[in-house]
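The values are calculated or read from the model by the stated rules, or taken from the named source; none is laboratory data. None of these values were measured; they are calculated from a predicted model. Because the Cβ atoms are built from the backbone with ideal geometry, glycine has one as well, and the counts that use them run over all protein chains shown. Quick note on the areas: whole protein, heavy atoms, side chains included, nothing else; ligands and nucleic acids left out. Shrake-Rupley method; radii C 1.70, N 1.55, O 1.52, S 1.80 Å.
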Amino acid sequence: MTRTRGPTSSTVTHATGTSEPARVGQRSAVRYSVLALLFTITAINYGDRATLGIAGTNISQDLGLTPISMGYIFSAFGWAYVLNQVPGGWLLDRYGSIRVYGVSLFAWSVCTLAIAGISHVPHALIFSTLFLLWAALGLVEAPTFPANSRIVSSWFPTSERGLATSIFNSAQYVAVAFFAPLMGWVTQTFGWKYIFSLMGALGMVLAIIWLAKMYPPARHPGVNAAELAYMRDGGALVDIDDRALQVKQTLTRKQIRFMLTNRTLLGVYGGQYCITALLYFFLTWFPLYLHQSRGFSLTATGFAASIPALCGLAGAIFGGALSDKLLRAGRSENIARKTPYVLGMAVASSICLCNFIQSGWLIVAVMSFAFFGKGIAAIGWAVISDIAPKETPGLAAGIFNGVGNIAGIVTPIVIGYIVALTKSYDGALIFVAAHCIVAIALYLFVVGKIRRLSLPT
């Protein structure tokens, strides 16, 4: 897309070769349709991650897997996901978000579909095969959230970025709220294999749509000059996926050391680890907690798990909107980004109160309150978008997501051992709640001023 500015109008040449006038003040709103597509893909992404948790009881019974075995299998996703974060971020900066994201989406859908056939594997190979398939899912999903962050950075000005990142991040709650009851019903009615087939097929369709319809902002056929100028003037990095304008960045050892030792970055990385620990409890052990410890049926478990998810969604939207409102009211980025995080993690720490409650549905209510808080705190992706050096947004997001998702390795294994050794989930909830307190301390005392960082020369 090319554009020329005039006092009252401009001309837009679309990727299709057509031109049309674009009046100043009459902006197109293509960025919202892009956000809707990111939201949908991210919901499928988290739906795929939730399949094993929903089907866990049936799979463990049918395939003869112990709680410790399931803990290691749950963690397989996290091992591969973390290991591929930095390479995935580099791929995004090198080849652009659109192609890497589309290939990733198609590949993880193939992995999900393959799990549907796991029962045909010889019994002696069940554990290793399921571990490898779940690890492969994590490997190819690794670029997803760095890509989301990179795409939002290119499509949204700073004053809209908090809400935009909260919206795509809130898809995790929608995925559980929508897919958990559906997958619970499908598992109980037809069998656990069908949920993997369903999610795999949905992802393949979305991958085709993404690759066929998505363009960078400056070349998107629906974006007019007014919207492009609005995004660029507001701080959106609209040209980072324009290969004609990309400058190939060769990182020096000094710059890499900066990315791994800067105090603000380290604090933000640590905060993401803490909030991700809550997420992985929710995605992996929470359905089993309701079913095994609190006596919920599979169908009731699916519906019960959806209630905290919806509250998490509401919290995410509230937190993002609050952050952007504070910015528009003249508050600094420091206050606008840290306030929702600290407030949300304080609320999320209430999860440990479930140890003192006997009523199953009252437990769901407390969990819902806690996950509302987690949603409010889900502002980390806006923070990393704001502070990442402009030369390496994909790499910075990859490190951020990689450190955060070490919790995907640690949390399922630790909880598996806690449950196996104590025959109770009480210690698991204390373990999860402790992360909230650590997170608050990191944002208050370690994370410095929220601002765009510059790589050292």
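Tell me, please, whether a residue that is assigned by the TED database to the domain that holds G295, out of contact with any Ser or Thr (no Cβ under 8 Å at 6 or more places or on another chain), farther than 28 Å from P87 by Cβ and open to solvent by less than 10 Å² (accessible area, probe 1.4 Å) can be found in the range 417-428. Yes: one or more hits. Within the range 86-106, the residues that satisfy the criterion of being within 10 Å of A142 (Cβ to Cβ) and open to solvent by 30 Å² or more (accessible area, probe 1.4 Å) are V86, P87, L91.
Taking the residues in the range 267-300 that are β-branched (V, I, T) and touching a Phe, Trp or Tyr at 6+ places or on another chain (Cβ under 9 Å) as candidates, determine which candidate is nearest to I406 (Cα to Cα).
I275
Of everything listed in (1) open to solvent by 30 Å² or more (accessible area, probe 1.4 Å); (2) under 30 Å from I68 (Cβ atoms), the single unmet condition for Y215 is (2). Here the condition is being in contact with a strand residue (DSSP E or B) (Cβ under 8 Å, 6 or more places away or on another chain) and of a type outside the set (S, T, Y); of A218, A229, it holds for A229 alone. A count restricted to the range 181-201 and to residues that are open to solvent by less than 20 Å² (accessible area, probe 1.4 Å) and over 21 Å from F296 (Cα atoms) stands at 3.
Of the residues making up the range 255-265, at least one is at pLDDT below 85 and either open to solvent by 30 Å² or more (accessible area, probe 1.4 Å) or under 23 Å from S385 (Cβ atoms) (or both).
Each row is one residue, and each column tells you yes or no for (1) open to solvent by 40 Å² or more (accessible area, probe 1.4 Å); (2) at negative phi; (3) not β-branched (V, I, T).
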site: V364; (1), (2), (3): no, yes, no
site: G398; (1), (2), (3): no, yes, yes
site: I406; (1), (2), (3): yes, yes, no
site: G448; (1), (2), (3): no, yes, yes
site: T457; (1), (2), (3): yes, yes, no
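When you check I335 against the structure, is it open to solvent by 10 Å² or more (accessible area, probe 1.4 Å), assigned by the TED database to the domain that holds Q292 and touching a residue at least 60 places away in the same chain (Cβ under 8 Å), yes or no? Answer is no for this residue. In the set (1) more than 14 Å from the chain's Cα centre (by Cα); (2) open to solvent by 10 Å² or more (accessible area, probe 1.4 Å), the condition left unmet by Q272 is number (1).
If you go through the range 160-204 and pick out every residue that is over 21 Å from C311 (Cα atoms) and either free of Cβ contacts under 8 Å to residues at least 24 places away in the same chain or out of contact with any Gly (no Cβ under 6 Å at 6 or more places or on another chain) (or both), you end up with 21. Is it fair to say L130 is in contact with a helix residue (DSSP H, G or I) (Cβ under 8 Å, 6 or more places away or on another chain) and open to solvent by 20 Å² or more (accessible area, probe 1.4 Å)? It is false that L130 is in contact with a helix residue (DSSP H, G or I) (Cβ under 8 Å, 6 or more places away or on another chain) and open to solvent by 20 Å² or more (accessible area, probe 1.4 Å).
For F178, are the conditions met, namely being open to solvent by less than 10 Å² (accessible area, probe 1.4 Å) and either under 18 Å from T40 (Cα atoms) or not assigned by the TED database to the domain that holds V121 (or both)?
No: the conditions fail for F178.
With respect to the conditions (1) open to solvent by less than 20 Å² (accessible area, probe 1.4 Å); (2) in contact with an Asp or Glu (Cβ under 9 Å, 6 or more places away or on another chain); (3) of a type in the set (D, E, K, R), R232 falls short on a single one, namely (1). When you check A382 against the structure, is it open to solvent by less than 10 Å² (accessible area, probe 1.4 Å), within 19 Å of G162 (Cβ to Cβ) and within 13 Å of the chain's Cα centre (by Cα), yes or no? Yes, satisfied.
Annotation note: of A135, A164, A114, A124, the sole residue that is aliphatic (A, V, I, L, M), buried (at least 19 other Cβ atoms within 10 Å of the Cβ) and farther than 30 Å from R27 by Cβ is A135.
K248 satisfies every condition listed in (1) over 30 Å from M183 (Cβ atoms); (2) open to solvent by 10 Å² or more (accessible area, probe 1.4 Å); (3) at pLDDT 90 or above except (3).
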